[in-house]
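What follows is a single structure, written as structure tokens, with notes after it.
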Amino acid sequence: GAVVSQHPSWVICKSGTSVKIECRSLDFQATTMFWYRQFPKQSLMLMATSNEGSKATYEQGVEKDKFLINHASLTLSTLTVTSAHPEDSSFYICSARDGGRGLAEAFFGQGTRLTVV
Amino acid sequence: AQSVTQPDIHITVSEGASLELRCNYSYGATPYLFWYVQSPGQGLQLLLKYFSGDTLVQGIKGFEAEFKRSQSSFNLRKPSVHWSDAAEYFCAVGSGANNLFFGTGTRLTVIP
């Protein structure tokens with residue numbers, strides 16, 4: 001099956017700094033990638049949808065200036081958490097659709113555990 | 001509105017016993033249905049999916065699920081649970097190029 005690689009798998013940063021998380025589709029072209037946030041023992045909440053070459057679409061309540069998403073190529077999307085605060089600590093997961101397969105299946109990265117201290 | 005309901009937050013079964021995890025959905029279009037499994041601190045692994053055709057789908061690790069349109073359900077089953085099946089299970093619904101809507105998850109505990 002298709003592989004989505006997310007990096008880093010975990011990161012600890014100081015409050016006020018920025019953190020970049022990468023999501024790569026390794027063996028397919030992902031025209032659409034999704035970024036989710038997962039709080040402990042809860043489900044995945046969609047933060048934004050990114051389409052290659054265009055601006056991301058953010059879900060209601062998600063601050064676009066705080067969570068910067070860039071989808072500059074068909075294989076890479078990045079999420080940058082700017083001026084991170086402890087409440088941003090969470091598990092972030094990306095997923096990508098293989099548009100070439102014509103199916104709705106989404107492939108997920110391994111997730112990134114962000115801890116802001 | 002789209003939604004997915006997993007009524008069981010936590011299920012405990014004995015190793016070797018059968019398992020059924022419930023999932024009900026509400027979706028405006030023809031749904032594509034998925035079951036994912038998540039181990040602690042890990043991403044999601046696809047167990048199985050339903051797009052069309054045979055309503056009983058087989059997945060990996062011995063799991064299967066049955067799509068029942070009349071009941072808006074897509075329950076996950078396994079005839080004999082193994083200790084390694086202990087994890088969080090998520091049901092999801094989506095279509096086309098849209099994002100997936102996830103249920104709140106069911107945590108499975110397997111006792112020896």
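The numbers here are math on the coordinates, done by the rules we state, and not lab data. In this text, all values refer to a predicted model and were calculated from it rather than measured experimentally. Note that each Cβ is placed from the backbone with ideal geometry, even for glycine, and that neighbours are counted across all protein chains shown.
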Practice prompt. Distance check, please: which entries in A:Lys14/A:Lys66; A:Lys20/A:Lys41; A:Lys20/A:Lys64; A:Lys41/A:Lys66 exceed 20 angstrom between their Cα atoms?
Written response: A:Lys20/A:Lys41; A:Lys41/A:Lys66
Discussion item. Once each part is reduced to its C-alpha centroid, what is the distance from the stretch B:76-112 to the stretch A:1-69 in angstrom?
Written reply: 22
Fill in: the protein assembly as shown - charge dipole about Cα centre, Lys and Arg +1 at Cβ, Asp and Glu -1, debye rounded to 20
160
Item to complete: Report the calculated FRET efficiency for A:Lys14 and B:Gln42 (r = Cβ-Cβ distance, R0 = 35 Å), to the nearest 0.05.
Response: 0.85
Worksheet entry | Whole-number D in µm²/s for the protein assembly as shown (Stokes-Einstein; Kirkwood sum over Cα pairs; 25 °C, 0.890 mPa s) | 135
Worksheet entry | For residues of B:38-46, the mean tally of beta carbons on other chains within 10 Å | 6
Discussion item. Under 20 Å between alpha carbons, and skipping anything fewer than 8 positions from B:Lys61 in its own chain: which lysines qualify?
Written reply: B:Lys49, B:Lys78
Worksheet entry | Among A:Gln38, A:Gln60, A:Gln29, residue whose mean-square fluctuation peaks in a GNM of chain A (springs only between Cα atoms under 10 Å) | A:Gln60
Worksheet item: If we count other beta carbons within 10 Å of each Cβ, what is the order of A:Leu114, B:Leu33, B:Leu44, fewest first?
Response: A:Leu114, B:Leu33, B:Leu44
Discussion item. For the stretch A:28-117, take N as its residue count and report Rg(C-alpha) divided by 2.2 N^0.38 Å.
Written reply: 1.07
Fill in: Likely footprinting exposure, A:Asp65, B:Asp85, B:Asp8, fewest C-beta neighbours within 10 Å first
A:Asp65, B:Asp8, B:Asp85
Worksheet item: Under the definition of Cα pairs under 8 Å and six or more residues apart, what whole-number percent is the relative contact order of chain B?
Response: 38
Worksheet item: For chain A, what relative contact order do you get, as a whole percent, if you take Cα pairs closer than 8 Å and at least 6 residues apart?
Response: 37
Worksheet, complete the sentence: Sorted by chain and then number, the residues having a modelled amide H within less than 5 Å of the amide H of A:Ser43, at least 5 places away or on another chain, are none
Fill in: Amide H contacts of A:Gly111 (H built 1.01 Å from N, under 5 Å, at least 5 apart or other chain)
A:Gln6, A:Cys94
Item to complete: Just tell me which aspartates and glutamates come within less than 16 Å, Cα to Cα, of A:Lys55; anything on the same chain fewer than 8 places away is out.
Response: A:Glu63, A:Asp65
Discussion item. Quick check: net charge around A:Lys64, other residues with Cβ under 15 Å of its Cβ, Lys/Arg +1 and Asp/Glu -1?
Written reply: -1
